[in-house]
Amino acid sequence: MMNDMKKYNFRVAEKKWQERWEENGAFQVTEDRQKGKYYCLVMFPYPSGKLHMGHVRNYAIGDVIARFYKMLGHNVLNPMGWDAFGLPAENAAIKNRIPPDKWTWGNIDSMREQLQSLGLSYDWTREVATCHPEYYHWTQWLFLHLYHNGLAYKKKQAVNWCPSCSTVLANEQVVAGHCERCEHEVIKKDLEQWFFKITDYADRLLDDLEKLPGWPEKVKSMQENWIGRSQGAEIKFTAENGKGITVFTTRPDTIFGVSYMVLAPENPLVEELIQGKAQANQVREFVAKVRNQSDIERTSVEGEKEGIFTGAYATNPLSGEQVPIWVANYVLMEYGTGAVMGVPAHDQRDLEFARQYNLPVKVVIQPIGDDLGAATMTEAYSEQGIMVNSGMFNGLDSEVARLKISAYIQEQGLGEEKVNYRLRDWLISRQRYWGAPIPIIYCDHCGTVPVPEEELPVLLPENVAFEPGSESPLHTDGFLKTTCPQCGGPAHRETDTMDTFVCSSWYFLRFCSARDKEQAFDKESVQYWMSVDQYIGGVEHAILHLMYSRFITKVLHDHGLVPVDEPFTNLLTQGMVLKDGTKMSKSKGNVVSPEEIIGNYGADTARLFILFAAPPERDLEWSDEAVEGAYRFINRVWRLAQHLLPEIKEAEVLPGDSLALGRAEKDLRRIIHTTIKRVSDDIKIRFNFNTAVSAIMELTNALYHYTEGADRKSPVQNGVLREGVTTLLTLLAPFTPHLAEELWEAIGAEGSVHDQKWPVVDQDALKEDEINIAVQINGKVRDHIQIPVGLKGKELEELVLAQPRVKELLKGKELAKVICVPNKLVNLVVRVHNPEK
RNA sequence: GCGGGAGUGGCGGAAUUGGCAGACGCGCUGGAUUUAGGAUCCAGUGGGUUAUACCAUAAGGGUUCAAAUCCCUUCUCCCGCACCA
């Protein structure tokens, strides 16, 4: 019947509609206050020059959401830009002798073209690139804003240095001791660097996670983990030379169990304590050895704790006991105070250390109904219990004792309650060229001077020379030498640039007024568009980008510049695209190129496959066969529409309730409207695009079945068919925009399918007179019967019991109970009739 | 170790509030059409049986008229953090 038709020419159609949408400015938006806004944002890409399947998935998901909300009548902002600074451009410059800016802009052009070939509904008039002076001007402004508010500072400390990238890295960019970008081992270097004071916001970044019910639990718990808040107390011990040694502990209730103290090897107190001690030189050797170890060596080997006795002792401020002071590799200088009290009975690490070096173990908390043996225990007891060996606190519950001891310490001036965080300040300077220059000037006379706002942007010099292994080209006189804005004397510029994560921590604000030349963002526009209603991206940014963006948003909010204090209301983290069970990568040779797929099957097929193959949060296994399946479906829809053209072109959709519809028409209308409901809910409530697509496929199948057999030519029948086809096309529009638009035109419908209102469910059409329910006996399905909808209680029970098959099965059995679930099933609970013996 | 998530046909995956397990698609089988192949359309497809029965949601136990779904025990896999005191 439909085998003599030509195929859908996706190449012609996709090109035609992409051009037409662009000509019409179909996706440009303004702040239309008459309409409700919807800000849909997909994490902007680094312009590597080549789109990969992960991008396709990312942007296809975003596009469905954007198009869907537009059809629902929202004013949708769906912008795109480029996270365009970064090291690859410099590496390419060295390798190919192309300046970083030229290389980057070339990549942007080719990637934009690839994105456009996917038919994405972006408002390209708002495109931004972080490497454009009109963008980094405002990144520099942001830096100054933080600087003037005391949130940007320069400090010398041991920082992460990647020898391969020749730059420092933030803690967040070091993964298990290796560079996040190039995987080279990271070493520690003492350097003076710029930091953003994100730790000031630690509590709010943590607490406000509760305000984000639209974020995945996983991401929230990762951030919680990363911030690592721990409540405890700082307690001052006194060394024999009179010096105080302050420790941080979360368990002040165990203080009577301290049997030794440990200092971090980097702790400056070590040198003071070993003065004149016999073991001084051995301790120095040990410290030198540990300091030479990389972080990985020092932390990776589990259980291998090493330490050395300093020869000095300290006094426990509560018990008055003298305990030995050790130095050990398991104590970190960067956390807490760089000193720890050793309580082996109640801390696993301390117990391991104590056993290794034969240090005493003293139990001060007994579990209820148990008796710990200090000499024999191999597992520290870190739970709560009853206080023992703890002087005036004996007999108390340890939780009560924790509070009492904290209060006591505070009263006596021995210490104070304290909260510590794992989170460190954000190190933002990079010793690289291709980034936003930090707008700071150093004057011999005036010191550190910020570049005045009116002198921004501090431009990157162009046409710079790149040599392998050389230092940043910003060290040349042309850039370096300047005059002091305060005294006019000779001065030099800061040569470090900013971490690219600074650029991406505010781009969602720039999109609100992307072409603004006067300011970073227009307050009114931000007021209208923010926050982002739906943010979409990979889970690899769970901590880095997402936490930095939250931080910057909170800072700007506090200063009255942004109305919201959280940037992203809802977050969707999409899974990876896999092939043969692993991530696609060049080295594994399992890369499928989007260009090739789009070339062979079209953008609609690529989009449909990727949305149908798995729910968005889960990893997706690439399948060439399933791509064929998506392609087949698209042609199946096209053939259906072509076949029905003569009937439906002139047909009119009649109002549903006024029709004298036949059985088949009623059934079809019910399917049409349940499909609308299913697709709407799947997109809106659950983001399950895979089940949305499957519902659309079922509707397509139903339309095929309806057209089968006898000719249907009456106006009523054609009206229902037209309703079916137009509904199918509008539901398809967010998923396969070109196909939907092409067929929309073909059936002679008005305007663009993308300007249509999302179809509304006709509740009457959903109604059924009769329904098929299951009859169970003892929970097993034994029969199906057709009953009038809504039948329940006694009537239903009688009807079921009258069924011949049911009668048969109940013979010789006693009916104990009947469970009726209206419109679902009836369960007959029976006992085998067993006469008394 | 701590935290998060997952385990369902040959495969990707459905099952929304405890109510007919396996929607939809891939693959496979059969039929129609075709000189033939491909494409297309229709039908079938968890295991088992001639057909019932029966067995099936990682494994085992429990609650319930009824469990993939709730509770307990165990196993496996993925992701994040990991000597943070």
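The values are calculated or read from the model by the stated rules, or taken from the named source; none is laboratory data. Fair warning: this is a prediction, and the values are worked out from it, not measured in the lab. So basically every Cβ, Gly included, is an ideal-geometry build from the backbone, and we count neighbours across all protein chains shown. Each accessible area value is taken on the protein alone, full model and side chains, heavy atoms only, with ligands, DNA and RNA left out. Shrake-Rupley method; radii C 1.70, N 1.55, O 1.52, S 1.80 Å.
What the table below lists for this structure:
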| item | result |
| --- | --- |
| Residues of type lysines that A:LYS289 reaches as a straight line, Cα spacing below 25 Å, ignoring anything fewer than 8 places off in the same chain | A:LYS156, A:LYS188, A:LYS189, A:LYS277, A:LYS305 |
| Most to least packed among A:547-560, A:432-445 [average Cβ atoms within 10 Å] | A:432-445, A:547-560 |
| Length released on extending from A:SER230 to A:ASP624, taking residue separation times 0.36 nm less the Cα-Cα span | 136.8 nm |
| Straight-distance crosslink candidates among aspartates and glutamates, where the alpha carbon sits under 16 Å from A:LYS7 and sequence neighbours closer than 8 are dropped | A:ASP604, A:GLU628, A:GLU742 |
| Mean separation of Cα contacts under 8 Å, 6 or more apart, over the residue count of chain A: relative contact order % | 14 percent |
| Percent antiparallel among DSSP beta bridges (both partners in chain A, rounded to 5) | 75 percent |
| Dipole moment magnitude, nearest 20 debye, region A:50-99 about Cα centre, only Lys, Arg, Asp, Glu C-beta charged | 160 debye |
| Nearest-0.05 FRET efficiency for A:GLU814 and A:GLU304, computed from C-beta distance (R0 45 Å) | 0.05 |
| Whole-Hz ³J(HN,Hα) from phi, Karplus 6.51 cos²θ - 1.76 cosθ + 1.60, for region A:188-198, glycine and proline x | 9, 9, 8, 9, 8, 9, 8, 10, 9, 7, 5 |
| Estimated dipole of chain A in Debye, rounded to 20 [Cβ of Lys and Arg +1, of Asp and Glu -1, Cα centre] | 1680 debye |
| Relative packing of A:81-91, A:809-819, A:594-604, which averages over residues the other C-beta atoms within 10 Å, highest first | A:81-91, A:594-604, A:809-819 |
| Contour excess over end-to-end distance, with Cα ends at A:ALA280 and A:ASN778 and 0.36 nm allotted per residue | 171.1 nm |
| Accessible surface of chain A, 1.4 Å probe, proportion on carbon and sulfur as whole % | 48 percent |
| Lys/Arg +1, Asp/Glu -1 at C-beta; region A:258-400 dipole; positive extreme among A:VAL283, A:ASN394, A:TYR381 | A:VAL283 |
| Positive-pole candidate from A:CYS40, A:ASN778, A:TRP226, dipole of chain A, charges at beta carbon | A:ASN778 |
| Top positive-direction residue, dipole computed over chain A with Cβ charges, set A:ILE405, A:PRO133, A:MET697 | A:MET697 |
| Straight-distance crosslink candidates among lysines, where the alpha carbon sits under 18 Å from A:LYS757 and sequence neighbours closer than 8 are dropped | A:LYS35, A:LYS37, A:LYS70, A:LYS677, A:LYS684 |
| Nearest-ten-degree value, helix A:10-24 long axis tilted from longest Cα axis of chain A | 70 degrees |
| Spin-label zone in region A:546-582 - amide nitrogen under 12 Å from a point set 7 Å from the Cα of A:LYS523 along the C-beta vector | A:559-563 |
| Debye, to nearest 20: dipole size of region A:594-732, +1 on Lys, Arg Cβ, -1 on Asp, Glu Cβ | 600 debye |
| Per-residue [θ]222 nm for chain A (sum of -39500 (n - 2.57) over DSSP H runs n ≥ 4, rounded to 500) | -11000 deg cm²/dmol |
| Summed side-chain charge close to A:LYS554 - residues other than A:LYS554 whose Cβ falls under 14 Å, Lys, Arg +1, Asp, Glu -1 | -3 |
| Per residue solvent-accessible surface (Å²) - chain A, probe of 1.4 Å | 45 Å² |
| Alpha carbon convex hull of chain A, projected area averaged over orientations, nm² | 51.4 nm² |
